[in-house]
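Trainee: Attaching a single structure in structure tokens format; questions to follow.
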Amino acid sequence: MYLHGQQLTQDNHFQDHVDAGVPVQVYYQNQHKDIGFIELYNRYFIQINHTFYSRETHIFISRPGY
């Protein structure tokens, strides 16, 4: 599917992670902010652990096997 550490940017990346139950790590300004499973997403935000993260300001990384 995705490599450990691969950056996610497109809707199909997020949907694949929802479908497969693969966790995603969230970074903001090169600092770890959260890790968990995607609950919801749209073109502006990704919801992980009941928190909305902006797709413009945060980086989302695939963490299979975590």
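Trainee: Semi-axes of the equivalent ellipsoid for the chain, please: Cα gyration tensor eigenvalues, times 5, square-rooted, ordered largest first, whole Å.
Mentor: Whole-Å semi-axes of the equivalent ellipsoid: 15, 13, 11.
Trainee: Per residue of the stretch 39-52, in order, report the coupling 6.51 cos²θ - 1.76 cosθ + 1.60 (Karplus, θ = phi - 60°) as ³J(HN,Hα) in whole Hz, putting x for Gly and Pro.
Mentor: Coupling constants for the stretch 39-52: 8, 8, 7, 8, 6, 10, 9, 10, 9, 9, 6, 6, 10, 8 Hz.
Trainee: Moving on. If packing is taken as the average number of other Cβ atoms within 10 Å across a peptide's residues, how do 16-25, 29-38 rank, most packed first?
Mentor: 16-25, 29-38
Trainee: Give me the net charge of Val22's neighbourhood, meaning all other residues with Cβ under 14 Å from the Cβ of Val22; Lys, Arg count +1, Asp, Glu -1.
Mentor: It works out to a net charge of -2.
Trainee: Which residue, His13, Ile46, Ile59, has the largest displacement toward the positive end of the dipole of the chain when charges sit on each Cβ (Lys, Arg +1; Asp, Glu -1)?
Mentor: So the residue furthest toward the plus end is Ile59.
Trainee: Using 0.36 nm times the number of residues separating Asp19 and Lys33, minus their current alpha carbon distance, what extension gain do you get?
Mentor: Between Asp19 and Lys33, full extension yields 2.8 nm more.
Trainee: Under the rule of -39500 (n - 2.57) per DSSP H run of 4 or more residues, summed and divided by the residues of the chain, what mean residue ellipticity at 222 nm is obtained, to the nearest 500 deg cm²/dmol?
Mentor: For the chain, the value works out to -4500 deg cm²/dmol.
Trainee: Then there's this: Amide H to amide H under 5 Å from Tyr41: which residues, 5+ apart in sequence or cross-chain, H placed 1.01 Å off N in plane?
Mentor: So Tyr41 has HN proximity to Gln47.
Trainee: Per residue, how much accessible surface does the chain expose to a 1.4 Å probe? Answer in Å², no decimals.
Mentor: 65
Trainee: Amide H of Lys33 versus every other amide H placed in the peptide plane: which residues, excluding those fewer than 5 positions away on the same chain, fall under 5 Å?
Mentor: Val26, Tyr27, Tyr28
Trainee: Using a 1.4 Å probe on the protein heavy atoms, what percent of the accessible area of the chain belongs to carbon and sulfur?
Mentor: C and S atoms contribute 49 percent here.
Trainee: How much length, in nm to one decimal, is gained on full extension between Phe45 and Tyr66, taken as 0.36 nm per residue of separation minus their Cα-Cα distance?
Mentor: My answer for the length gained is 5.3 nm.
The values are calculated or read from the model by the stated rules, or taken from the named source; none is laboratory data. This one's a predicted model, so the numbers in the text were calculated from it and none came from an experiment. Quick reminder, even Gly has a Cβ in these numbers, built from the backbone with ideal geometry, and neighbours come from all protein chains shown. What goes into the accessible areas is simple: the full protein's heavy atoms, side chains included, and nothing from ligands, DNA or RNA. Shrake-Rupley method; radii C 1.70, N 1.55, O 1.52, S 1.80 Å.
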